[in-house]
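J.: A single structure is presented below for examination.
The values are calculated or read from the model by the stated rules, or taken from the named source; none is laboratory data. Every value quoted in this text rests on a predicted model; they were computed, and no experiment measured them. Here the Cβ positions follow ideal geometry from the backbone for every residue, glycine too, while neighbour counts run over all protein chains shown. With ligands, DNA and RNA removed, areas are computed over all heavy atoms of the protein, side chains included. Shrake-Rupley method; radii C 1.70, N 1.55, O 1.52, S 1.80 Å.
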Amino acid sequence: MIHRLVRATRLFLQVQYRSGFVHVYFGLALFTILVVRLFVPASWRSFLVPALFLGEYGTMGVFMVAAQSYLARNERSSLALAVTPLRSIERVAAMVLASGVLAVAAGLLVFAGIMGIDPRVLWLTLPLLATTVLSGSVGLILASRYSEFTRFLMGAVPAVTFFSLPFLSFFDLVPRYTFAWLPWDAALYSFANLVSETPQLSTYVLLVTQLLVFAAIALYGAVRSEVLD
Amino acid sequence: MIVEACDLRFTYPGAAKPAIDDLGFSVGEGEVFGFLGPNGSGKSTTQKVLTKILQGYEGRVEVFGRDVRRHGSDYFNEIGVCFEFPNLYEKLTAEENLGFYRDFFDIPTDEPREALARLDLPVGDSRPVSQWSKGMKMRLTLTRSLLNRPRLWFLDEPTTGQDPHHAVMIRRLIREKADEGTSVFLTTHDMTVADELCDRVAFLVDGHVLVVDTPRRLKLEHRNHRVEVETLVNESTEHRGFDLSDPKDKQAFVDFVRDHDIETIHTQEPTLEDVFLRTTGRALSEPERPS
């Protein structure tokens, strides 16, 4: 299973590269570094970075994986993979993982670019990957409900807004645990924990576990709702 | 038998009536089995059930002596599927398409470069597939479906978009594979292809199989004995028809041929399309009926 998953992820990475997705991720990463370094005071950065990460890679995961799914639907290429020994869980997981690989690479670059080279950057890999798998799977579930990308956008924007409610607690507008039941809460606070001056390992483990459980549930939902034809 | 279907029925979610209903047929080893019918008759649905793309059907379908539902992912090592439309990664090159695809199989596969050359496709072309013509893309899809050297090959309208030269090449390849022992499940509404290639054909209309037989027997069953003769009389062409099942007409035909300068003689054998029309009351090219 692992070797097929790796091969399928390589395929989707290649497709993303040729479709310009890689350029979008890294172009945005460089733009973000530039803007933050030029216009955001250093004391604000550790507060801003978690929100930036969720805003960029959480939200982008939803739209980029959905865009990839619509591209595959237009080309009918998913149907071609459906008649190989590649299982549907492997197909869907590979699609979200390919986006995850790009998001992690771009995210690490942004972190290093803003916060400087720091060992914490490696701890960021898992929550960032889990966030992208979660968001990508949500993107696929939403994409399965709409036949056209423009209609998908109409449905995805309210959904993403709803998932973003934990920002309200993050910016102290509502009590801390009001939206703890929403998957992006775990993502946001795991990023916040990592960039804080005193990161807690137990908090990290708890939030990342929560995030991984949400990602697994969303991935299962994406497999169940996969559109082939 | 390689494929055996019995009382097969499939209804799309939300549809009022089944897309295929009580289908029964079998495909033998090395046989080219034609599944013929107009658009919307259920041909592609049947292929999708057999290739496990559509689940939730009723009835019994066995492939390689085992219920299709019970086949695991290794089932796909043994089948090749060429869909009606090209379904390629358009931004990748042909060799990348084949290279990534073959990686998913757990068995030895053909070399992409050799496979490309077999159907007259350019080797080493660095252009993405999106820049290829529809005919080339279709041949690439066909090539891809053979990479894993399947025992059962599903083909849906394989000569669509091909010029006559490449259409012949594809027909020859299908025959060659069948002679090597590959069973072919050919879905088409092209009667020339079916007539030339198929060992047996099934006529499918509105989700029902109406008849299964060899093209030759079907044509013989619906034959007539008329002969049309063209002669040149005073520099103008005259036509005359004879019914050879009538002894008097038969003698008249012999006398006529002896006494005239004959330009052409045509027997009036029905084509497979004529047989289809007579058997089903439907033309193959008629538009899809709403369900």
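J.: For the stretch B:51-120 and the stretch A:12-43, write down the distance between their C-alpha centroids in whole Å.
T.: Centre-to-centre (Cα) distance: 37 Å.
J.: For the full complex of protein chains and a 1.4 angstrom probe, list B:I265, A:I141, B:I20, A:I2 by accessible area with the highest value first.
T.: On the way: B:I265 85, A:I141 45, B:I20 0, A:I2 120 Å².
Correct descending sequence by accessible area is A:I2, B:I265, A:I141, B:I20.
J.: So, one more: From the P(r) of the stretch A:1-117, can you give the percent of Cα pairs sitting at distances over 26 Å? Could you put the intermediate results ahead of the total?
T.: Values: 1975 of 6786 pairs.
Looking at the stretch A:1-117, the distances longer than 26 Å represent 29 percent of pairs.
J.: In the calculated pair distance distribution of chain A, what percentage of Cα-Cα distances lie above 27 Å?
T.: Numbers: 8257 of 26106 pairs.
For chain A, the share of Cα pairs beyond 27 Å comes to 32 percent.
J.: Please quote Rg/Rh for the protein assembly as shown to two decimal places, taking the Kirkwood radius as Rh and restricting both calculations to Cα atoms. Walk me through the numbers on the way to the answer.
T.: Values: Rg = 30.4 Å, Rh = 26.7 Å.
Taking Rg over the Kirkwood Rh, I get 1.14.
J.: Could you tell me which trypsin sites (Lys or Arg not before Pro) in the stretch A:56-150 are loop residues by DSSP with no more than 15 other beta carbons within 10 angstrom of their beta carbon?
T.: On the way: sites: A:R73, A:R76, A:R87, A:R91, A:R120, A:R145; in loops: A:R76, A:R87, A:R145.
The qualifying sites are A:R145.
J.: Right, another one. Obtain the nm distance between the two label points defined at A:S88 and B:D22 by a simple spin-label model: each point lies 7 Å from its Cα along the Cα-to-C-beta direction.
T.: 3.0 nm
J.: Suppose R0 equals 22 Å; then what is the FRET efficiency for B:D7 and B:N39 from their Cβ-Cβ distance, rounded to the nearest 0.05? Don't jump to the answer; show the numbers that get you there.
T.: On the way: r = 24 Å, r/R0 = 1.11.
Calculated transfer efficiency: 0.35.
J.: Could you tell me the center-to-center distance, by alpha carbons, between the stretch A:169-229 and the stretch B:140-158 in angstrom?
T.: Using only Cα atoms to place each centre, the spacing works out to 45 Å.
J.: For the stretch A:94-229, what D do you get in µm² per second when you plug the Kirkwood radius from alpha-carbon pairs into Stokes-Einstein at 37 °C and 0.692 mPa s?
T.: It diffuses with D of about 207 µm²/s by this estimate.
J.: With the calculation restricted to Cα positions, what are the radius of gyration and Dmax of the stretch B:131-216 in angstrom?
T.: Rg then Dmax for the stretch B:131-216, in Å: 13.4, 42.
J.: Express the relative contact order of chain B as a whole percentage, based on alpha carbon pairs under 8 Å and six or more residues apart in sequence. Before the final figure, lay out the partial values.
T.: Details: 544 pairs, mean separation 66.9, N = 291.
With pairs under 8 Å counted, the relative contact order is 23 percent.
J.: Moving on to the next point. Keeping all protein chains in position, work out how much accessible area B:V123 exposes to a 1.4 Å probe, and write it in Å² to the nearest 10.
T.: 70 Å²
J.: With all distinct Cα pairs included, what does the Kirkwood hydrodynamic radius of the stretch B:172-227 come out to in Å, to one decimal, could you say?
T.: Working: mean 1/r = 0.0783 Å⁻¹.
Evaluated on the stretch B:172-227, it is 12.8 Å.
J.: Among A:L124, A:F149, A:T198, whose Cα lies farthest out toward the positive end of the dipole of the stretch A:106-229, if unit charges sit on the beta carbon of Lys, Arg (+1) and Asp, Glu (-1)?
T.: Of the listed residues, the answer is A:F149.
J.: In straight Cα distance, which aspartates and glutamates are under 19 Å from B:K17, not counting same-chain residues fewer than 8 positions off?
T.: In chain and number order, the partners are B:D7, B:E58, B:D206, B:E288.
J.: Then there's this: Before rounding to the nearest 500, sum -39500 (n - 2.57) across all DSSP H runs of length at least 4 in chain A and divide by the residue total; then give [θ] at 222 nm in deg cm²/dmol. All intermediate terms of the calculation are to be shown ahead of the outcome.
T.: Numbers: 12 runs with 179 residues, N = 229.
Computed mean residue ellipticity for chain A: -25500 deg cm²/dmol.
J.: Hey, what number do you get for chain B at 222 nm if only DSSP H runs of n ≥ 4 count, each worth -39500 (n - 2.57), divided across all residues, to the nearest 500? Show your work: numbers first, answer last.
T.: Values: 9 runs with 89 residues, N = 291.
Result for chain B, helices only: -9000 deg cm²/dmol.
J.: Given the protein chains as shown and a 1.4 Å probe, how many square angstrom of B:F253 are accessible, to the nearest 10?
T.: 40 Å²
J.: For chain B, which semi-axes, largest first and in whole Å, follow from the square roots of 5 times the eigenvalues of its Cα gyration tensor? Write out the running numbers ahead of the final one.
T.: Values: eigenvalues 331, 130, 57 Å².
Semi-axes (√(5λ), whole Å): 41, 26, 17.
J.: Another question, if that's okay. Could I have the simple spin-label model distance between B:I262 and A:V227, label points 7 Å from Cα toward Cβ, reported in nm to one decimal?
T.: For B:I262 paired with A:V227, the spin-label model returns 6.2 nm.
J.: Hey, could you get me the Stokes-Einstein D for the stretch B:83-183, Kirkwood radius over alpha-carbon pairs, 10 °C and 1.306 mPa s, rounded to whole µm² s⁻¹? Spell out each step's value before the answer.
T.: Details: Rh = 13.7 Å.
Estimated diffusion coefficient is 116 µm²/s.
J.: Excluding ligands and nucleic acids, what accessible area in Å² is computed for B:M1 using a 1.4 Å probe, to the nearest 10?
T.: 130 Å²
J.: Let me ask something additional. What percent of all Cα-Cα pairs in the stretch B:224-268 falls in each 10 Å bin, counting up from 0?
T.: Taking every Cα pair in the stretch B:224-268, the percentages come to 30, 56, 14, 1.
J.: At a Cα cut-off below 20 Å, give the lysines reachable from B:K248, other chains included and same-chain residues fewer than 8 away excluded.
T.: none
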